[in-house]
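Working notes, beginning with the structure itself.
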Amino acid sequence: MSDTCFVPITGIDSHAHVFSSGLNLAAARRYTPGYDATLEHYLKHLQTHGLSHGVLVQPSFLGTDNSYLLAALRQAPEQLRGVVVLERDVSRVMLNDMARLGVVGVRLNLMGKALPDFRDAAWKDFFCHIAELDWHVELHRHVEDLPALIRQLIPFDIKLVIDHFGRPDARLSLDQPGFPEMLELGLTGQIWMKVSGIYRLAGTPQQNLEFARMALPLLEQSFGIRRLVWGSDWPHTQHEENVGFGTVIDQLEALECSTELMRALLVDSPQVLFGFEEPRP
């Protein structure tokens, strides 16, 4: 597949995955795909829904082997950016190589794992490299644990990105443990929130959407619209039977965002966070 150079930015999907079921999977994993989610399929979804650019996030079941994601970045460098999963002793040479390919962040998927202590000296060099590269750290964990993790990371002066509304429980109130503290930390201006994965909020489809509708104005007030980005979470792993790309587009529209907020979610905020350049004249 050849890259289409200088594609005008009509919309950026800030969270998607590509993979093949034939790849070597991580021994410790919560999910095993039975299908391929190829870059070709993904780019077709973007085109169908009027989007132009995307951010590929390393899925947890591939562990730290980012080779499939990096190969995808090589195929469409103007349209794509990447977020990888790494061992904390990764070399600076490897990080620099990834940066040249369009990697802009590292994901810490902590779902189902023991909580790390980022104050441990063993993390210092890792986060210093991330800060020097101007990458972000993406956190995926249920909301009750996020405030403590965020407070440990703030001193490193790195950009932080929270996955999927912070993974609150839509069956509970907005005052559930961790959610108010997360909103307070959003005022630091150091944290971005992914308005994504509404269907992952633990309730019924209606509960999930209602929670997202109630939460969004609070997120806008706390983080500011320039710190909110939207993501499709394609191909919706573990929810493939009930959720498709069209589903999440419908959910986004059901949030009834203002024109200004929609522009921020799809263009202005992700363009800055992920380093997408405007096409040359």
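For the stretch 114-145, a residue qualifies if it is touching a residue at least 12 places away in the same chain (Cβ under 8 Å), in a loop (DSSP other than H, G, I, E, B) and either under 22 Å from Leu273 (Cα atoms) or acidic (Asp, Glu) (or both), and the qualifying residues are Asp117, Asp134, Trp135, Arg141.
More than 28 Å from Phe276 (Cα to Cα) and either in contact (Cβ under 8 Å) with a residue 40 or more places away in the chain or in contact with a helix residue (DSSP H, G or I) (Cβ under 6 Å, 6 or more places away or on another chain) (or both), is that true of Glu210? When the stated conditions are applied, Glu210 passes them. A count restricted to the stretch 77-95 and to residues that are open to solvent by 50 Å² or more (accessible area, probe 1.4 Å) and over 14 Å from Phe126 (Cβ atoms) stands at 3.
When each of His45, His49, His53, His15 is tested for being under 20 Å from Ile130 (Cβ atoms) and in contact (Cβ under 8 Å) with a residue 40 or more places away in the chain, the lone residue that passes is His15.
Based on what the data block shows, is Arg30 in contact with a Gly (Cβ under 6 Å, 6 or more places away or on another chain) and open to solvent by 50 Å² or more (accessible area, probe 1.4 Å)? Yes: the conditions hold for Arg30. Scanning the stretch 179-195 for residues that are in a loop (DSSP other than H, G, I, E, B) and either within 10 Å of Ile150 (Cβ to Cβ) or in contact with a strand residue (DSSP E or B) (Cβ under 8 Å, 6 or more places away or on another chain) (or both) yields Thr188, Gln190. Of everything listed in (1) modelled with pLDDT of 95 or more; (2) more than 25 Å from Val267 (Cα to Cα), the single unmet condition for Asp163 is (2).
Of the residues making up the stretch 44-76, those that are open to solvent by 10 Å² or more (accessible area, probe 1.4 Å), in a loop (DSSP other than H, G, I, E, B) and closer than 17 Å to Leu95 by Cα are Gly63, Thr64, Asp65. Is there a residue being of a type in the set (Asp, Glu) and surrounded by 14 or more Cβ atoms within 10 Å (Cβ to Cβ) anywhere in the stretch 249-260? No, the conditions are met nowhere in the stretch 249-260.
In the stretch 92-113 there is no residue matching the filter, namely being under 29 Å from Glu277 (Cα atoms), over 20 Å from the mean Cα position of the chain (by Cα), in a loop (DSSP other than H, G, I, E, B) and free of Cβ contacts under 8 Å to residues at least 60 places away in the same chain. Consider the stretch 225-254 and keep the residues that are assigned to a loop (DSSP other than H, G, I, E, B) and in contact with a helix residue (DSSP H, G or I) (Cβ under 6 Å, 6 or more places away or on another chain). The one that is nearest to Gly166 (Cα to Cα) is Ser232.
The values are calculated or read from the model by the stated rules, or taken from the named source; none is laboratory data. None of these values were measured; they are calculated from a predicted model. Methodologically, a virtual Cβ is constructed for each residue, glycine included, from the backbone with ideal geometry; neighbour enumeration extends over all protein chains shown. For the accessible areas, the whole protein counts, side chains as well, though only heavy atoms, and no ligand, DNA or RNA atoms are used. Shrake-Rupley method; radii C 1.70, N 1.55, O 1.52, S 1.80 Å.
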